[in-house]
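In what follows, a structure is listed as structure tokens, so that the remarks can point back to it.
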């Protein structure tokens, strides 16, 4: 197509800007279908009068669907052909929105079923988008831009959802001419149940435009293939060969990621409650989540972008591990500073967010891309990402249940602080050991 031809001839900065914008917007909009429900609190409501809080049950149910989606994605995302990716992206999002409509219809206790169905398709969106970006000489920049989408989107979507329930979004519509006042009258103050579906509808047009833009990206050039190894769909024998070749290292990475995903998810799903516990009630600090996540986003994209200046793949792999280990260390140090009264709650949430994302983001982007490029082993980053993701989201379910069932008397903030210390130590040990393993494997 004409856009694809223009991008093939465009200077690298223009190509990178276009690709980042398309990928960023695509995944940013996906979060409007996945995360707005987390802005609701369901205060005091228990799931079928059990010991499990209703919000916890809803969160766990979506994570189970999302985790199952990752397991399905190991096959689907690694095998899908280029021509089918655009249709798959649109289908997955429409499925997610249909589940949110069901979420608004059913009574509260049955929302766990609807949110499970919502998570089931959405876990495969990441892999579909990464396919467009991996295996290029500019992959670090492209994947860094993509990764920052969910860092910023999580906070923006939740703030947007809260504004919708407070009637603020309706007032925004009221200021628009023509159909604006009619939409504002229909919206009003949106309930906790219908808020996720209506949030998704607001972002659907931008999602469709972004997917179209993403699908215009040209294939990696010959120079890209020479620098980063050609990436092709993998069948079952290719997948097993990859796992056997890196088994010990993958175990170390997945052990760390098992708890890291749970940690990131806990912070993400309960940010409203954590900020409340730190003395920042949402009523008085309406944009605090977006403010914290914006700082985190710029910190992460800066660190990831630096890797693009490292042309040697071995050194690039070392750089990725160094950033991840540094992120784990930042989480522990910032918690010590909070306990010592040297930083306040806002900066603690910002620092642990930065630290956790510095460790988390490379898993879904540059780590496996550099690993494949440096070793020359046949495979795709998408497959390795989905192996780690499927295990990571399984851990997220386990930690959510562990908190409510084994530590129901501990506040979410108290539990989270202890979890931070644990994650910091375990993560640094696993990642340092993994780095040594892969460097030795590469030399061999």
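The values are calculated or read from the model by the stated rules, or taken from the named source; none is laboratory data. Remember, it's a predicted structure, so these values are computed and weren't measured experimentally. With ideal geometry, Cβ positions are generated from the backbone for all residues, glycine too; neighbour counts draw on all protein chains shown.
For segment 277-290, give me the residue count where each residue is at pLDDT 85 or above and part of a helix (DSSP H, G or I).
The number of residues fulfilling the criteria is 1.
Tell me which residues, restricted to segment 423-444, are without any contact (Cβ under 8 Å) to a residue 40 or more places away in the chain and part of a helix (DSSP H, G or I).
So in segment 423-444, the residues without any contact (Cβ under 8 Å) to a residue 40 or more places away in the chain come out as 429, 436, 440, 443-444.
Across segment 423-444, the qualifying residues are 429, 436, 440, 443.
Report, by residue number, each residue of segment 211-224 that is part of a helix (DSSP H, G or I) and within 9 Å of residue 136 (Cβ to Cβ). Steps first, please.
Let us first name the residues in segment 211-224 that are part of a helix (DSSP H, G or I), namely 211-214, 222-224.
The answer is 224, and nothing else.
Any residue in segment 155-163 that is modelled with pLDDT under 80 and out of contact with any strand residue (DSSP E or B) (no Cβ under 7 Å at 6 or more places or on another chain)?
Let us first name the residues in segment 155-163 that are modelled with pLDDT under 80, namely 155.
Filter again for out of contact with any strand residue (DSSP E or B) (no Cβ under 7 Å at 6 or more places or on another chain), leaving 155.
Yes, that holds for at least one residue.
Considering every residue within segment 165-188, establish whether at least one is in contact (Cβ under 8 Å) with a residue 60 or more places away in the chain and touching a helix residue (DSSP H, G or I) at 6+ places or on another chain (Cβ under 8 Å).
yes
Would you point out which residue out of 394, 420 is assigned to a helix (DSSP H, G or I), at pLDDT 90 or above, more than 23 Å from residue 318 (Cβ to Cβ) and touching a helix residue (DSSP H, G or I) at 6+ places or on another chain (Cβ under 7 Å)? Give the derivation first.
Values: 394 fails: at pLDDT 90 or above.
None of the other options fit; the residue is 420.
Could you please find all residues in segment 327-350 being farther than 22 Å from residue 154 by Cβ and either assigned to a helix (DSSP H, G or I) or in contact with a strand residue (DSSP E or B) (Cβ under 7 Å, 6 or more places away or on another chain) (or both)?
329, 332, 333, 336, 337, 339
Inside segment 6-44, can you point out the residues that are in contact with a helix residue (DSSP H, G or I) (Cβ under 6 Å, 6 or more places away or on another chain) and not in a helix (DSSP H, G or I)?
First, the residues of segment 6-44 that are in contact with a helix residue (DSSP H, G or I) (Cβ under 6 Å, 6 or more places away or on another chain): 7, 15-16, 19-20, 22-39, 42.
35, 42 - these are the residues of segment 6-44 that are in contact with a helix residue (DSSP H, G or I) (Cβ under 6 Å, 6 or more places away or on another chain) and not in a helix (DSSP H, G or I).
Rundown of residues vs (1) surrounded by 22 or more Cβ atoms within 10 Å (Cβ to Cβ); (2) modelled with pLDDT of 80 or more, yes/no style:
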{"position": "137", "(1), (2)": "no, yes"}
{"position": "166", "(1), (2)": "no, yes"}
{"position": "182", "(1), (2)": "no, no"}
{"position": "210", "(1), (2)": "yes, yes"}
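Among 249, 302, 327, 279, which is closer than 24 Å to residue 133 by Cβ and surrounded by fewer than 14 Cβ atoms within 10 Å (Cβ to Cβ)? Give the derivation first.
On the way: 249 fails: surrounded by fewer than 14 Cβ atoms within 10 Å (Cβ to Cβ); 327 fails: surrounded by fewer than 14 Cβ atoms within 10 Å (Cβ to Cβ); 279 fails: closer than 24 Å to residue 133 by Cβ.
The match here is 302.
Look through segment 397-412, keep the residues that are surrounded by fewer than 16 Cβ atoms within 10 Å (Cβ to Cβ) and part of a helix (DSSP H, G or I), and return whichever of them is nearest to the chain's Cα centre (by Cα). So that I can check it myself, show each step before the final result.
As a first pass, look at segment 397-412 and keep what is surrounded by fewer than 16 Cβ atoms within 10 Å (Cβ to Cβ): 398, 401-402, 405-411.
Imposing the further condition that a residue be part of a helix (DSSP H, G or I) reduces the set to 398, 401-402, 405-406.
Details: 398: 18, 401: 21, 402: 22, 405: 26, 406: 27 Å.
Result: 398.
For segment 89-102, indicate whether the set of residues that are closer than 21 Å to residue 198 by Cβ, touching a helix residue (DSSP H, G or I) at 6+ places or on another chain (Cβ under 7 Å), in a helix (DSSP H, G or I) and at pLDDT below 85 is non-empty.
No, segment 89-102 contains no residue that is closer than 21 Å to residue 198 by Cβ, touching a helix residue (DSSP H, G or I) at 6+ places or on another chain (Cβ under 7 Å), in a helix (DSSP H, G or I) and at pLDDT below 85.
Filter segment 291-317 for residues that are out of contact with any helix residue (DSSP H, G or I) (no Cβ under 7 Å at 6 or more places or on another chain) and part of a helix (DSSP H, G or I); which is farthest from residue 366 (Cα to Cα)?
Our first condition is that a residue be out of contact with any helix residue (DSSP H, G or I) (no Cβ under 7 Å at 6 or more places or on another chain); within segment 291-317, this holds for 291, 298, 302, 306, 309, 311-312, 315.
Those still in the list that are part of a helix (DSSP H, G or I) too: 291, 298, 302, 306, 309, 315.
Working: 291: 26, 298: 17, 302: 14, 306: 12, 309: 13, 315: 13 Å.
Among those that are out of contact with any helix residue (DSSP H, G or I) (no Cβ under 7 Å at 6 or more places or on another chain) and part of a helix (DSSP H, G or I), it is 291.
Given the conditions (1) buried (at least 22 other Cβ atoms within 10 Å of the Cβ); (2) free of Cβ contacts under 8 Å to residues at least 60 places away in the same chain; (3) over 19 Å from the mean Cα position of the chain (by Cα), report the number of the one that residue 317 does not fulfil.
(2)
Return the only residue of 69, 61 being at pLDDT 85 or above, within 22 Å of residue 259 (Cβ to Cβ) and surrounded by 24 or more Cβ atoms within 10 Å (Cβ to Cβ). Talk me through it step by step, then tell me what you get.
Values: 61 fails: surrounded by 24 or more Cβ atoms within 10 Å (Cβ to Cβ).
On inspection, the qualifying residue turns out to be 69.
Looking only at residues that are closer than 30 Å to residue 109 by Cα and free of Cβ contacts under 8 Å to residues at least 12 places away in the same chain in segment 11-54, which one is surrounded by the most Cβ atoms within 10 Å (Cβ to Cβ)? Full working, then the answer.
To start, the set of residues in segment 11-54 that are closer than 30 Å to residue 109 by Cα comprises 27-54.
Restricting the remaining residues to those that are free of Cβ contacts under 8 Å to residues at least 12 places away in the same chain gives 43-44, 46, 49-50.
Details: 43: 9, 44: 7, 46: 15, 49: 8, 50: 11.
Among those that are closer than 30 Å to residue 109 by Cα and free of Cβ contacts under 8 Å to residues at least 12 places away in the same chain, it is 46.
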